[in-house]
């Protein structure tokens, strides 16, 4: 058992990546480049991939549950590539309707059925993470027209699209730029993305040199999320130190003495420490005079609210 | 000029090539600060007030704010999402050239910024992701992460509000974010200048100085 203190960072041990792009661009090959990979082949396209490793061919959801519950199951694998997540959701949908036909009248999910699908997919990916697996979701792309603008998104049906985008820590679009294959995690007005690591677009290496590409990227992504968590924890500690100073300030003069220092704080701290001081002073009955931009003794006539900035 | 992120988001939405639900008159009203809240906005505002400071709104079995009632079961999960050590409604400003953009973060704790949104419809990830609001929030407050909490509500038309679900997701800074913000702001400044609304926004900047 490990206890993480309230002001400590929480590591993200197993990030979820979503990569989408055109058919044939090499997404399944990337799926095999994760560490100790198992590719769940929902799309029946794995035979076209290079650098092939272990593959679970999925016809029905029973293939997945049977494999996960059998003998060693997922134990030998560090990473699970879901190829494609759109087809995975189709297979999951068929299983939901098979189990509970009233959730899928005429073969299409009812509103309640969509809710069940979203919950079930979320639970499944959470289970994979809790088993210590990195998860790579692969999707085809889908082009929507917005006026004259093309917007490319992962091809995932209905309400499941939002669920997948919620779950994914990283979302990257794989496309051709001239003769180069490029993987870009940056959101633009032409495609969706998530880029917690702040990566520049990657030119993908030739297939023969890409055997550990995603393994490396998942490690870097894990490190980036860890850095984010640590950075936030550091600011939390600074915030808590300020809280102590502020709550020890019981007069207008003491509150005013903090203002010059607060004004020099970085953008993430300044607004919250400023608000913390104003809220504290108000609760302590120390009014803030907006025109003077200073706290005044309670006897003076001033409004008890405002901003230091 | 002094411009709010909500005004910039209205401009961005109005500028979308295929949109036909927002008139230019409505956009200009927003820029001028004329705003008539819709029932959905009033519901969101009431919910937000309870989320921020529940105690003043406590009544037997739940919370009441304005014309809306939220029972304990509806508010339990939303209230549990919030780290009470953080601050609500923190304001900040960033200067872009000669212009000031002002923003208000729903909740800040450490380097983590959270935005609370309500909808009486369905969850639409792209609607929130495409928004310039979180981008300006990131550019102005410089958090490491923005978390959106979307509360799907139903007031059944009688003010008794039920929580249908919560959708939460994280968004992150990216290298071209500042440039995206600056470009949108530049288009907005050109537009208000063309429409003769720049004086109003300059006056606001002078008043705030």
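Since every read-out is calculated from the coordinates, none of them should be taken as a lab result. These numbers were taken from a predicted model, which means no experiment stands behind them. So basically every Cβ, Gly included, is an ideal-geometry build from the backbone, and we count neighbours across all protein chains shown.
Per-residue Cβ neighbour counts within 10 Å put A:243, B:195 in the sequence B:195, A:243, beginning with the fewest.
Springs join every pair of Cα atoms under 10 Å in this Gaussian network model of chain A, and among A:36, A:63, A:134 the largest mean-square fluctuation is at A:63. Counting, for every residue in B:165-173, the Cβ atoms of other protein chains within 10 Å of its Cβ and taking the mean gives 5. By other beta-carbon atoms within 10 Å, ranking A:91, A:16 with the fewest at the front produces A:91, A:16. Counting every other Cβ atom within 10 Å of each residue's Cβ, A:227, A:239 order from fewest to most as A:227, A:239. Counting Cβ atoms of other protein chains within 10 Å of each Cβ in A:196-202 and taking the mean gives 3. Of all DSSP-defined beta bridges confined to the stretch B:2-208, some 70% are antiparallel rather than parallel. Springs between Cα atoms under 10 Å define the GNM used for chain B, and in it the highest mean-square fluctuation of B:167, B:71, B:18 occurs at B:18. Helices in the protein assembly as shown, meaning DSSP H runs of at least 4 residues, each add -39500 (n - 2.57). Divided by all residues, the mean residue ellipticity at 222 nm is -12500 deg cm²/dmol. Annotation for the stretch A:169-237 versus the stretch B:182-205: alpha-carbon center distance of 36 Å.
Cα centroids of the stretch B:17-92 and the stretch A:253-281: how far apart, whole angstrom? Computed from Cα coordinates, the inter-centre distance equals 26 Å. Entry note, the stretch B:2-208: relative contact order of 20 percent, from Cα contacts under 8 Å with a spacing of 6+ residues.
Normalised by the residues of chain A, what does the relative contact order come to in percent, with Cα pairs under 8 Å and at least six apart?
Numbers: 508 pairs, mean separation 60.7, N = 309.
Result for chain A is 20 percent.
Per residue of peptide A:228-241, the mean number of Cβ atoms on other chains within 10 Å of the residue Cβ is 4.
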